[in-house]
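The values are calculated or read from the model by the stated rules, or taken from the named source; none is laboratory data. Note that the structure is predicted; figures quoted are calculated from it, not measured. Cβ coordinates were reconstructed from backbone atoms using ideal geometry, including for glycine residues, and neighbour counts include every protein chain displayed.
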């Protein structure tokens, strides 16, 4: 007997879920959800995705503004270009100026002369200098571009889609926290049930031991009473481990440190008062707030705009252009004596698509096929959601009906156990009758907890499907 008591006490007091140097945080459902919405990883990723989409939208809007670029270049000529003429350039210029020596590299005929470097130019004139420097500033902006305007609308819808995905992530996180919180409450209730079973077994053993010592109970009853304690301890071990793991699962879903000591506040019975739901309203539930349907609707608008975007590829576009450049060509590296020549222009550029080998038509057809595929996916998603809603409603109805009968069964089983205990203490019933009453009471308590838990889990899933926010 002492051995069993020591094992149970060491189990309850030595559990890492109950003993910690840290302060235990008591969590309500509202507090757990609030922490999860700020610490959960999926929620943080969804928020970052919104920022990414916002930056992408700003990048698209930047296409409406002038694009200014600066360029600089240096070229070293390895071999100069040679220009040929079909008339006697040397005689023409020499006759005009009276001196052929003014044109080095040309002979009397202007063909077959020598270049300034002394090498044969093959009868032509070398053009250019050895060093070329250039620097320019160019700018351009679209004036008329239907494709660009439509892409701006698509980028804005990308942001809207990212926001809706973030909302979906929050709804899913809230549902996971609810289910984990309810699971922790259930595990705590189960632990209480099996702890009570163990305590009852200990009390019954004491009564049986006293009766056995005065020869009013058989050795069989004494042995069975001791066996009941031994059988109750493993169940209590399993229940405590389940309670500990359920708290770990809750902390993981919330996104907090797993070493944080937490405890769930309340019990499942606190939620039994709210087990009322108008099941008729779920038959034709409004799915306009469902996140999956909203995302599909946004994607449908995007694909419709994508079809127009591909169609607009056949429209002309008009752009404004500007350029200013400075150039210098020399044969040496005396930078102070360079002569820089400016050059600039401003103009309009009109682009008219004429023929692309059917590429634009194929792109339009591809976008239209994607739009038709999305329509089929939307119909199928709505059908699946309707089925899920009916399943949730059926589970909630089962939970409400089960709770009513389980509550009555629990009261009757408690009365039966009390009667059996008193009868056994005065010797009017056997230990078998007492064990049967204990088993019935345990099953009734577990059934009562399970009915509430099943209802709450189904209701959380229904709320997520209908798109209810946590505040609602």
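Among the candidates 419, 387, single out the residue that is under 30 Å from residue 200 (Cα atoms), surrounded by fewer than 17 Cβ atoms within 10 Å (Cβ to Cβ) and modelled with pLDDT of 90 or more.
Just a single option satisfies the conditions, and that option is 419.
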Of the numbered conditions (1) in contact with a helix residue (DSSP H, G or I) (Cβ under 6 Å, 6 or more places away or on another chain); (2) under 25 Å from residue 63 (Cβ atoms); (3) part of a helix (DSSP H, G or I), residue 366 fails exactly one; give the number of that condition.
(1)
Go through (1) surrounded by 14 or more Cβ atoms within 10 Å (Cβ to Cβ); (2) out of contact with any helix residue (DSSP H, G or I) (no Cβ under 9 Å at 6 or more places or on another chain); (3) at pLDDT below 90 one by one and return the number of the condition residue 340 breaks.
(1)
Taking the range 207-222, which residues are loosely packed, with under 13 Cβ neighbours inside 10 Å and more than 17 Å from residue 423 (Cβ to Cβ)?
213, 214, 215, 219, 220
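Here's the yes/no breakdown for (1) surrounded by fewer than 19 Cβ atoms within 10 Å (Cβ to Cβ); (2) assigned to a helix (DSSP H, G or I); (3) not assigned by TED's automatic domain parsing to the domain that holds residue 240:
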position	(1), (2), (3)
133	yes, no, yes
139	yes, no, yes
163	yes, yes, no
171	no, yes, no
184	no, yes, no
189	no, yes, no
196	yes, yes, no
Looking for whichever is modelled with pLDDT of 90 or more and either exposed (fewer than 13 other Cβ atoms within 10 Å of the Cβ) or more than 30 Å from residue 438 (Cβ to Cβ) (or both) here; the options are 359, 375, 401. Which one fits?
375
So, restricting to helices (runs of 4 or more DSSP H) that lie completely within the range 1-99, which ones have at least 1 residues that are modelled with pLDDT under 85 and under 30 Å from residue 161 (Cα atoms)?
41-61
Return the only residue of 303, 287, 309, 276 being over 25 Å from residue 42 (Cβ atoms), surrounded by 14 or more Cβ atoms within 10 Å (Cβ to Cβ) and modelled with pLDDT under 90.
309
Here the residues within the range 214-268 that are assigned to a helix (DSSP H, G or I), under 30 Å from residue 425 (Cβ atoms) and touching a residue at least 60 places away in the same chain (Cβ under 8 Å) are 221, 224, 225, 226, 228, 229, 230, 233, 236, 237, 240
Among (1) modelled with pLDDT under 90; (2) in contact with a strand residue (DSSP E or B) (Cβ under 8 Å, 6 or more places away or on another chain), residue 251 falls short only on (1)
Kindly list the number of the only condition in (1) over 28 Å from the mean Cα position of the chain (by Cα); (2) closer than 12 Å to residue 300 by Cβ that fails for residue 372.
(1)
